[in-house]
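J.: What follows is a single structure, and I will ask about it in a moment.
The values are calculated or read from the model by the stated rules, or taken from the named source; none is laboratory data. All values reported here derive from a predicted model rather than from experimental measurement. Here Cβ is always computed from backbone atoms with ideal geometry, including for glycine, and neighbour counts include all displayed protein chains.
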Amino acid sequence: MTTAPTVLGERELALRERARQVIPGGMYGHMSVQAFSAAHPQFMASGQGSRVTDTDGRTYLDLMCGWGPVVLGHRHPGVTAAVLDQLDRGDCLDGTSPVAVEFAELLVDTIPSADWAMFCKNGSDATTTSVTIARAATGKRKLLVAHGAYHGAVPWCSLRGSGVTAEDQAHLVHYEYNDLASAEAAAAEAGDDLAAIVVCPMRHDIKREQELVDPAFARGLRALADRTGAVLILDDVRCGFRLDLGGSWEPLGVRPDLSAWSKAIANGQALGAVTGVEALRDAVGKIYVTGSFWTAAVPLAAGLATLTELRKGVALPDMARTGARLREGLAAQAAAHGVAIRQTGPVQMPMLSFDGDEDFRLATSFAEAAVQRGVYLHPWHNWFLSAAHTDDDIEEILARTDDAFAAVRHG
């Protein structure tokens, strides 16, 4: 493997200049690497398995996995074959491809809380559709959402940026994650106008340590929804298909009324989904949500192939094993270098932070040192493991992060 040097390559710099002329800011949203690093490349040319290669031919061990969608590894052969096969027959057709029915059947067979499934293109589509269904079913408007939680880059729930009005979010009532009393108080504030409780499987807010859900909190939200008649919406966009195929709260015995899915659902193809219980089936028929590409056949074929592979039962245990090895190795390295770190969240979606590093200066230095040594990771967003990460990959990553810790310590 070619180790990344300390400076960005010529093609990278040329593409950035060209992009600035035709794309506002050169890039936008969470994909704008300039917002978190001066060393990470903005443009990637290819990916294979657990690695990505930039436009200057430099290859990196990938701990972001396309920011989550790549769960089986880049260019997984089974998914690639399904994509090419469907592409050969057609993608955006005048009618829905039969693969939509096949994939919906597989989702319903896999997810205990799913009696039906519908498709869209991304996580924002899925959460927004879920909210619309809940309001149609209940005839109510108010939504309970956690402080700082991200449910999509759309006006009803956007956390930041201009162009969002107070009216867009007039019906949001906030609670504190893992604080059932605050959720009860928020429900009381919403009163008889409460349509839904929207919640993530764990707390993964931006620029803060991850926080696993308290099982009592999850059970309490389920009871609160039942008592008030609200719809419980689990935003499984980020965690889905990495923690449990049946839904991220299935191990807790807590089942939502609606679940929003995207990211890992199709191993990198643009696809989202909403699954729900029988009692909400009629509400779906009352709403109008659609998109010209929402049932495009190629992403659905990728989703079918992805879930078929995941159901073999190998990928999730592999990610848990390699994630645990990575966490243990990073902890040992930090201790050896006298650097105090914290690792939070599930091992399949790890986050590393440094004690006292409120401005993320140390985390940024570490991420830049890592990428310069050929490991692509983020300073203040959780990382992602994929099934393509082998034990040898983890050892290679750790060999490089050891040097990154040394650079941070000496700096």
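J.: Given (1) of a type in the set (A, V, I, L, M, F, W, C); (2) surrounded by fewer than 24 Cβ atoms within 10 Å (Cβ to Cβ); (3) touching a His at 6+ places or on another chain (Cβ under 8 Å); (4) under 23 Å from L107 (Cα atoms), identify the lone condition not met by L252.
T.: Checking L252 against (1) of a type in the set (A, V, I, L, M, F, W, C); (2) surrounded by fewer than 24 Cβ atoms within 10 Å (Cβ to Cβ); (3) touching a His at 6+ places or on another chain (Cβ under 8 Å); (4) under 23 Å from L107 (Cα atoms), the one that fails is (3).
Yes/no per residue for (1) under 14 Å from R327 (Cα atoms); (2) surrounded by 20 or more Cβ atoms within 10 Å (Cβ to Cβ):
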residue	(1), (2)
A363	no, yes
E368	no, yes
V375	no, yes
W383	yes, yes
A387	no, yes
T390	no, no
D393	yes, yes
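J.: I need a count of the residues in region 268-278 that are touching a strand residue (DSSP E or B) at 6+ places or on another chain (Cβ under 9 Å) and either on the phi > 0 side of the Ramachandran plot or among the aliphatic types (A, V, I, L, M) (or both).
T.: Of region 268-278, the ones touching a strand residue (DSSP E or B) at 6+ places or on another chain (Cβ under 9 Å) are 268, 271-278.
Imposing the further condition that a residue be either on the phi > 0 side of the Ramachandran plot or among the aliphatic types (A, V, I, L, M) (or both) reduces the set to 268, 271, 273-274, 277.
Matching residues across region 268-278 total 5.
J.: Does any residue of region 34-47 turn out to be under 30 Å from G161 (Cβ atoms), in a helix (DSSP H, G or I) and not assigned by TED's automatic domain parsing to the domain that holds L245?
T.: Yes - at least one qualifying residue is present in region 34-47.
J.: Quick one: would you say L194 is of a type in the set (A, V, I, L, M) and touching a Cys at 6+ places or on another chain (Cβ under 8 Å)?
T.: Details: of a type in the set (A, V, I, L, M): yes; touching a Cys at 6+ places or on another chain (Cβ under 8 Å): no.
It is false that L194 is of a type in the set (A, V, I, L, M) and touching a Cys at 6+ places or on another chain (Cβ under 8 Å).
J.: Can I ask one more? Right, I133: farther than 30 Å from A170 by Cβ, touching a strand residue (DSSP E or B) at 6+ places or on another chain (Cβ under 7 Å) and assigned by TED's automatic domain parsing to the domain that holds D205 or not?
T.: Values: farther than 30 Å from A170 by Cβ: no; touching a strand residue (DSSP E or B) at 6+ places or on another chain (Cβ under 7 Å): yes; assigned by TED's automatic domain parsing to the domain that holds D205: yes.
The answer is no for I133.
J.: If you don't mind, another one. Please list, ordered by residue number, the strands (runs of 3 or more DSSP E) wholly in region 221-332 having 1 or more residues that are touching a Gly at 6+ places or on another chain (Cβ under 7 Å) and of a type in the set (F, W, Y).
T.: Answer list for region 221-332: 258-261.
J.: I need every pair where a residue in region 24-40 that is buried (at least 17 other Cβ atoms within 10 Å of the Cβ) has its Cβ under 7 Å from the Cβ of a residue that is basic (K, R), sequence separation at least 6 or different chains.
T.: Hits for this filter: G26/R16; G26/R20.
J.: Okay, moving on. Identify, please: which residue in region 7-23 is part of a helix (DSSP H, G or I) and of a type outside the set (D, E, K, R) and is, among those, surrounded by the most Cβ atoms within 10 Å (Cβ to Cβ)?
T.: Looking only at region 7-23, we keep the residues that are part of a helix (DSSP H, G or I), and these are 10-22.
Then keep just the ones that are of a type outside the set (D, E, K, R); that gives 13-15, 19, 21-22.
Details: L13: 15, A14: 13, L15: 19, A19: 15, Q21: 7, V22: 7.
Only one residue tops the list, namely L15.
J.: Could you tell me how many of the residues in region 157-174 are in contact (Cβ under 8 Å) with a residue 24 or more places away in the chain and either assigned to a helix (DSSP H, G or I) or within 19 Å of W249 (Cα to Cα) (or both)?
T.: Going through region 157-174, the residues in contact (Cβ under 8 Å) with a residue 24 or more places away in the chain turn out to be 157, 159, 171-174.
Next cut, either assigned to a helix (DSSP H, G or I) or within 19 Å of W249 (Cα to Cα) (or both) only: none.
Of the residues in that region, 0 qualify.
J.: Spot the failing condition for W156; the list is (1) modelled with pLDDT of 95 or more; (2) touching a Ser or Thr at 6+ places or on another chain (Cβ under 9 Å); (3) surrounded by 16 or more Cβ atoms within 10 Å (Cβ to Cβ), and only one is missed.
T.: Failing condition for W156: (1).
J.: Would it be correct to say that A35 is at pLDDT below 95 and more than 15 Å from R373 (Cβ to Cβ)? First the steps, then the outcome.
T.: Numbers: at pLDDT below 95: yes; more than 15 Å from R373 (Cβ to Cβ): yes.
For A35, the condition - at pLDDT below 95 and more than 15 Å from R373 (Cβ to Cβ) - is met.
J.: Out of everything in region 104-137 that is within 21 Å of V298 (Cβ to Cβ) and charged (D, E, K, R), what residue ends up being surrounded by the fewest Cβ atoms within 10 Å (Cβ to Cβ)?
T.: Among them, the one singled out is E105.
J.: Of the numbered conditions (1) out of contact with any strand residue (DSSP E or B) (no Cβ under 9 Å at 6 or more places or on another chain); (2) hydrophobic (A, V, I, L, M, F, W, C); (3) surrounded by 21 or more Cβ atoms within 10 Å (Cβ to Cβ), V314 fails exactly one; give the number of that condition.
T.: Result: V314 passes all but (3).
J.: List every residue pair whose Cβ atoms sit under 6 Å apart, with the two residues 6 or more apart in sequence or on different chains, where the first one lies in region 77-101 and is closer than 24 Å to Q48 by Cα and in contact (Cβ under 8 Å) with a residue 40 or more places away in the chain and the second, anywhere, is surrounded by 12 or more Cβ atoms within 10 Å (Cβ to Cβ) and among the hydroxyl-bearing types (S, T, Y).
T.: Every condition considered, the pairs that remain are V79/T306.
A quick yes/no check of all residues on (1) touching a helix residue (DSSP H, G or I) at 6+ places or on another chain (Cβ under 7 Å); (2) free of Cβ contacts under 8 Å to residues at least 40 places away in the same chain; (3) in the same structural domain as G66 (by TED's automatic domain parsing):
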| site | (1), (2), (3) |
| --- | --- |
| F241 | yes, no, no |
| G253 | no, yes, no |
| A324 | no, yes, yes |
| H337 | yes, no, yes |
